[in-house]
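Please treat every number below as a calculation from the coordinates, not as lab data. Predicted model, so just to flag it, every value in this text is computed and none were measured. For neighbour counting, all protein chains shown are included, and Cβ atoms are generated from backbone atoms with ideal geometry for every residue, glycine included.
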Amino acid sequence: MFSNYSKLKKYLIFAILVGPAVLLRFSTSFYPIVRTIYLSFFKHNLMEQVHRYVGLNNFTALLNDQTIVDVIGFTLVFISVSVILQLILGMAIANLLNTEFKGRKIVRTLNLLPWVIPVIVSGYVFRWMLNADYGLITDWIFRLSGKEVQLLINSFYARVSLILVNVWRNTPFMAIVLLAGLQSIPDELYEAAKIDGASWFQRFLHITLPASSSTIVTLGLFNIIWQIANIDIILGLTQGGPGSATTVIAFRIYQLGMQWFSWGSASALSVYLLLIVAVISLIALYLYRRFEFSS
Amino acid sequence: MLKRKSKFLLTLVVLSILLVSVNMVVFAAEELIVGVGGWAVEPTKQALEELNFTEKTGIEVTVTTRPGSPPEFISQMTSSILGGQTPYDVIDLEDDAAINFSRSGWLVDLDPIYDDQFWDDWTPGMLEMVETWNRHEGELFRIPHNYETQYFFYRKDILEEKGLEVPQTWEEMVEVGKELTTDEMYAVSDGLAKGGYIGVYVSYLTQQAGGNPFDFGPALRESLQFIHDMIYEHEIFPSSALNKDFDQVNNDFVNDRVAMMRMWPYFFDYQESQEDWYSEDKVGVALPPKGPESRDTFVASWGWAIPNTSDKIDEAKTFIEFMTSVENAPELAKMSTWFLSPRHSIMEEIDVEESRLASNLKKYSDAGVISSRPFHSNFRQASSIVEELASAYLTNQISLDEVMERGKEQMQALEE
């Protein structure tokens, strides 16, 4: 009897301690995911007050829409180019900030400035700076090359501009995290390599890069997932245009769901996105374990 | 055990919260909340004060700003209404939000407010607009208080200086445009950015070409081709306009960078507010150049509506009845162009010659060029489809054939 009471008390405490966390995860993750999958099989439009089962129609309709195919294509380009550039530039900045020089602390703080500006504000500021008539950057380009470029009107330049603004905004954070990784590398390794006559590049290639690999992989993979959900910079800078040239999947979901209230289609596209994120997460877990063990 | 000081502080905090809550409840219970766009707050307040609304009805009103951007506003209202609440008892609604809310069944039927005689005050064109844009399943869900016609503005001084006549057709616009375009100035422009701008100009021209943009038919094709030609072939229309909103184009006009353009009526006030620049000899208003089928210009409107989650529906109806009555409508129109429409009572009482907007509204109305805005029951998404494809074509990403093909497919998917 006593033993049963003790067990019950133990389970009760366990339930009280774990219950809120489980409830929170259930209501903010599990339920929305299940509900999204459920809605993806319906034509569900809040404004038209429609709720009709349509099977896989939402999924096939999306794939038959050339605009959506283009959007998926640009999403892959946007994410991969952004992440690669952010990591390369982040590593370069981290290396610079890891060297001894006067005013290093101030420079480290200044480095973070683009990252602390709200994303939507950055988007709007660059929208003006890239404006064909009044823009600061377009004016510089004109003064340097004598050419009037319309950065946000030409689809190629608009895409390049969006990626570069995104890189400008996120690279400082990458740099700071990578810097933390660099600081954990023992100085003795570099000193020994120097004595052996290794050049700066050799030291970077054979010490810095392998020692930072787990940080790079973790950061890179997290960054991919963050970029997938990145819509505010697009909202501020290009609104997904010209046409749909700079629209990514997450932005299209926002349009379908929050602007047009077509929740069935938005849910179907979210399911596609969920699958993409799931695949990336599995790869992430695999690579993370591999690099964690190897480092 | 809490110490005495802590207990005192805690009691103070609880009491403060209670007081604030009670205040909010009392405030919410007594006043009718009217949500209008930021630009309409002062005219609405002034109207209520000068017409002694509270003295006459005993209803206190708070006029507050609702989000001006439709997506933001629709999101705010959706979450409120689904939660059985509303931030406003009366809302000043634009066309696309009104269509959305009416299809959702969120707006109160306003028909019981008015008798048949009330509608005698409305012109046939306005009645047509009421039927298309303000009624759903026989119920009146919004009552318009203005009649926002798009006007064709031109630089009178420059045309006179160059000895040019105001263009009467699309072809003449191109010919005159070639004469007007210089290194400093483009002949024609309009806001062609996505997000509610390019769709307006495309719809305007498509209507002049004899069609509805949502059909993705020959008229839309013709209008898109016309804009494309003006930008790239005749070079009389700046390609930078493809990323501009109406404010930016208005700014271009008053900075002598544009000679002719279509614009909503608020441009009258805007140009006149540029005191160093504006003079009566500078800006003229003409009828729109005729397209292949007509020289029509469509009208948009704002109007009063009541969300059915309001707990002050009777007071809200009194407010709307007051603001739209045959007696008060002309007074409101005299106070602000925001309440101007060609209702008979208004046109009879207002001194048309004194107001540029009123005189031009009369000119357009008499010429019979004002028509209803192209309609679609899912206006918001349908407009986005038109905007996205038009923008892609005008920035040379896809061909006109692709616009038509994709547009028809997407509109069909929308209808299913």
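One table, with the values for the structure above:
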read-out: Normalised contact order of segment A:41-162, rounded percent, pairs of Cα under 8 Å and 6 or more residues apart; value: 9 percent
read-out: Relative exposure of A:Ser199, B:Ser371, judged by other C-beta atoms within 10 Å (fewest first); value: A:Ser199, B:Ser371
read-out: Of all DSSP beta bridges in the protein assembly as shown, antiparallel share, percent nearest 5; value: 60 percent
read-out: Peptide-level mean, for A:255-267, of C-beta atoms on other protein chains within 10 Å; value: 4
read-out: Mean-position separation - Cα centroids, segment A:201-255 and segment B:89-134, in angstrom; value: 47 Å
read-out: Listed residues A:His206, A:Gly264, A:Tyr124: farthest to the positive end of the dipole of segment A:57-294 (Cβ charges); value: A:Tyr124
read-out: Theoretical gain in end-to-end length, B:Glu50 to B:Asp247 [0.36 nm per residue, Cα-Cα removed]; value: 67.8 nm
read-out: Angle in degrees between helix B:218-228 and the longest Cα principal axis of chain B, rounded to the nearest 10; value: 80 degrees
read-out: Given chain A, longest segment not containing exposed loop GluC sites (Glu not before Pro) (DSSP; at most 14 other Cβ within 10 Å); value: A:149-295
read-out: Amide H partners (placed H, <5 Å) of B:Tyr186, local residues excluded; value: B:Val258, B:Ala259
read-out: Under-5 Å amide H pairs with B:Ile33, H placed in peptide plane, nonlocal only; value: B:Thr62, B:Asp89, B:Val90
read-out: Gained length - A:Ile280 relative to A:Ser199, 0.36 nm times residue gap less alpha-carbon distance; value: 25.5 nm
read-out: Shielding score for A:41-52, defined as the mean number of other chain Cβ atoms within 10 Å; value: 3
read-out: Whole-Å distance, taken between Cα centres, linking segment B:207-277 and segment A:267-289; value: 45 Å
read-out: Under 30 Å from B:Lys162, Cα to Cα: lysines that are on another chain or at least 8 residues apart; value: B:Lys178, B:Lys244, B:Lys282, B:Lys290, B:Lys362, B:Lys363
read-out: Over chain A, relative contact order from alpha-carbon pairs under 8 Å, at least 6 apart, %; value: 28 percent
read-out: Order of A:Thr208, B:Thr54 under a 10 Å beta carbon neighbour criterion, fewest first; value: B:Thr54, A:Thr208
read-out: Low-density loop cleavage sites - GluC sites (Glu not before Pro) in segment B:186-246, where at most 16 other Cβ are within 10 Å (DSSP); value: B:Glu235
read-out: For B:230-242, mean number of other protein chain Cβ atoms within 10 Å; value: 2
read-out: Cα-centred dipole magnitude for chain A, charges only on beta-carbon of K, R (+1) and D, E (-1), debye, nearest 20; value: 820 debye
read-out: Phi-based couplings in Hz for segment A:148-164 (Karplus 6.51, -1.76, 1.60; Gly and Pro marked x); value: 8, 9, 10, 4, 9, 10, 6, 5, 5, 5, 5, 5, 4, 4, 4, 5, 5
read-out: Cα gyration tensor, chain B - rounded (a/c under 1.5), prolate or oblate; value: prolate
read-out: Positive dipole terminus of chain B, leading residue within B:Tyr151, B:Phe253, B:Ala40 (C-beta point charges); value: B:Ala40
read-out: Karplus (6.51, -1.76, 1.60) ³J(HN,Hα), θ = phi - 60°, over segment A:59-70, in Hz, Gly and Pro reported as x; value: 5, 5, 4, 5, 6, 7, 8, 4, 4, 5, 4, 4
read-out: Angle between chain B longest axis and helix B:379-394 axis [Cα atoms, degrees, rounded to 10]; value: 30 degrees
read-out: Under-5 Å amide H pairs with B:Ser371, H placed in peptide plane, nonlocal only; value: B:Thr297, B:Phe298, B:Val299
read-out: Farthest toward positive dipole pole in chain B [+1 Lys/Arg, -1 Asp/Glu at C-beta], among B:Ser279, B:Ala305, B:Leu361; value: B:Ala305
read-out: Tilt relative to chain B, helix B:41-50 - C-alpha long axis, 0 to 90 degrees, to 10; value: 60 degrees
read-out: 3J(HN,Hα) from dihedral phi, segment B:143-153, Karplus parametrisation 6.51/-1.76/1.60, rounded to Hz, x for glycine, proline; value: 10, x, 10, 9, 8, 7, 8, 8, 10, 9, 9
read-out: Point-charge dipole on Cβ atoms (K/R +1, D/E -1) for chain B, about Cα centre, debye to 20; value: 1920 debye
read-out: Within segment A:50-87, chymotrypsin sites (Phe, Trp or Tyr not before Pro) in DSSP loop having at most 13 other beta-carbon neighbours inside 10 Å; value: none
read-out: Neighbour-limited loop hits for chymotrypsin sites (Phe, Trp or Tyr not before Pro), segment B:320-385 (at most 16 other Cβ within 10 Å; DSSP other than H, G, I, E, B); value: B:Phe375
read-out: Net dipole in debye of the protein assembly as shown [+1 Lys, Arg Cβ; -1 Asp, Glu Cβ; about Cα centre; nearest 20]; value: 5680 debye
